[in-house]
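Everything on this sheet refers to the single structure shown next.
The values are calculated or read from the model by the stated rules, or taken from the named source; none is laboratory data. All figures in this text were calculated on a predicted structure; none of them were measured in a lab. Cβ: placed from backbone, ideal geometry, glycine included. Neighbour counts: every protein chain shown.
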Amino acid sequence: MTSHTSIRAARIVAALWLSAALGCGGGEGSAQGPTDPGNSGSGDRVPSEFVGTWVSGNVSPVGFYSPSSGSWGAPSGVGMFYRFQSNGQFERGVLLQSTLYNCTMSVLGYKRGTIEVDGSTFELRSTTHKMKSVDNCVQKNNYEKTLENDAETLILELGTDDYGNRALWIRSPGVGASRFYPSRN
């Protein structure tokens, strides 16, 4: 029989693996957004067809994380979002949640920075990179930390899905694409 501790450890490993697979190194969901004075932009101009908030899964970018106050919102769902701004700034948020035996663990990741654009290839360079873990059953799993800033390359392709909905496929070089849809928030 599998122990409760083993199941929780497997959930944590799965959440971290999914986080890495989704590229959880960051997305906008700040309360301030593009008008935040610390978000003046220093990256390349982003082509207008990519500007906006793109969501995969079920996560709301609204109030996700506020870089100016350092406070996290109370998002729910599982998924990730990117926000690409015309001034060359990006934000990315990732939310993973798992519930088992009335215990819920949530892992949130947030990244913000600048974009270097080469056609449909974006080089994202983070200036803020945060992670928060919340667990209502295991106290030691409740923490927040600042992660090392990094760079990553994304390849974007705009199109429509099988149902005619506007979609953006985002992938890292050598990795399959994930489909994102325009945010309704």
Check on TYR110, under 20 Å from SER71 (Cα atoms), surrounded by 15 or more Cβ atoms within 10 Å (Cβ to Cβ) and among the aromatic types (Phe, Trp, Tyr) | yes
The correct count of residues that are within 19 Å of GLY93 (Cβ to Cβ), surrounded by fewer than 16 Cβ atoms within 10 Å (Cβ to Cβ) and touching a helix residue (DSSP H, G or I) at 6+ places or on another chain (Cβ under 8 Å) in the stretch 128-154 is 0
Subset of the stretch 113-127 [surrounded by fewer than 21 Cβ atoms within 10 Å (Cβ to Cβ), of a type outside the set (Ser, Thr, Tyr) and touching a strand residue (DSSP E or B) at 6+ places or on another chain (Cβ under 6 Å)] = GLU116, GLU123, ARG125
In this structure, does LEU96 turn out to be buried (at least 17 other Cβ atoms within 10 Å of the Cβ), touching a helix residue (DSSP H, G or I) at 6+ places or on another chain (Cβ under 8 Å) and farther than 14 Å from PHE50 by Cβ?
-> yes
Taking only pairs six or more apart or across chains, which ones have beta-carbon atoms under 7 Å, a first residue in the stretch 99-110 that is of a type in the set (Phe, Trp, Tyr), and a second residue that is at pLDDT below 90?
-> TYR101/HIS4; TYR110/GLY26; TYR110/GLY27; TYR110/PHE64; TYR110/TYR65
Counting only residues that are among the acidic types (Asp, Glu) and more than 23 Å from SER183 (Cβ to Cβ), the stretch 139-166 contains a total of 3
Cβ-Cβ under 6 Å pairs, at least 6 apart or on other chains, the stretch 141-168 side in contact (Cβ under 8 Å) with a residue 24 or more places away in the chain, far side loosely packed, with under 11 Cβ neighbours inside 10 Å | THR153/PRO173
Sort through GLY79, GLY41, GLY93, GLY109 and tell me the only one that's at positive phi, modelled with pLDDT of 85 or more and either in a loop (DSSP other than H, G, I, E, B) or touching a strand residue (DSSP E or B) at 6+ places or on another chain (Cβ under 6 Å) (or both).
-> GLY79
